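Derivation of every value follows stated rules applied to the coordinates shown; laboratory data play no part. The structure presented is a predicted model; accordingly, all values stated were derived computationally and were not measured. Backbone-built Cβ (ideal geometry, glycine too); neighbour counts: all protein chains shown.
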Amino acid sequence: MQLTRAADYAVRVMIHLAGLPPETRASRANLAEAAECPEQFLSKVLQSLTHAGLVVSHRGNTGGFELVSTHRNASVLEIIEAVEGPVRLNTCLTGPHACERQNWCPAHAVWAEAQAAMSGVLQRATIGALAEEVSLVRTPVDGTKWN
């Protein structure tokens, strides 16, 4: 299983926004540059993040995108699922009757354990912590902070 580029870009954007002071807005162009993502593609990612309530979009001269204050410590899992929907390693994990073999398949327990481990790692990783980490380790050549 591999996540899409959209999920990767969404996480990058959210880390960037979490590194900005609260109530700071960033333009789509600024976010595209920070996420190293084509601006047109980023529009769809931002739409998903806005629809999920993680980001607020403001119109006009002072417009842009702003991280919702209650989501400054959103988990990476929340962000991925806002763009991708529920993340599952195998079809048998999508529901109680997703696979006929589910009740007796010896691999089912392995898939379930791997799913729980992956979900746990992504749930514990927050954009706030990742933004702090970035600000400590990455300083561009011109001396300004990354975000």
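Return the label of the correct value of percent of Cα pairs over 23 Å apart, as calculated from the structure shown, out of (1) 63; (2) 41; (3) 37.
It is the one labelled (2).
Work from the charge dipole of the stretch 18-147 (Cβ charges, +1 for Lys and Arg, -1 for Asp and Glu, about the Cα centre) and give the residue of A35, T24, V134 farthest towards its positive end.
T24
Length gain on complete extension for the stretch F41 to A116, per 0.36 nm per residue less the alpha carbon to alpha carbon distance? All intermediate terms of the calculation are to be shown ahead of the outcome.
Details: separation 75, 0.36 × 75 = 27.00 nm, distance 3.08 nm.
My answer for the length gained is 23.9 nm.
Using the 10 angstrom Cβ neighbour count as an exposure proxy, how do L122, L3 rank, fewest first? Don't skip to the answer; put the middle values down first.
On the way: L122 18, L3 14.
Listed from fewest to most nearby Cβ atoms, that is L3, L122.
Can you tell me which of V121, V83, V56 moves the most in a GNM of the chain? Springs connect C-alpha atoms under 10 Å apart.
Residue with maximal mean-square fluctuation among V121, V83, V56: V121.
Over its Cα atoms, what ratio of radius of gyration to 2.2 N^0.38 Å does the stretch 41-110 give? Could the numbers behind the result be given before it?
Working: Rg = 17.9 Å, N = 70, 2.2 N^0.38 = 11.1 Å.
In units of the 2.2 N^0.38 Å rule of thumb, it is 1.62.
Gaussian network model of the chain, Cα springs within a sub-10 Å range: biggest mean-square fluctuation belongs to which of T91, T126, T50?
T91
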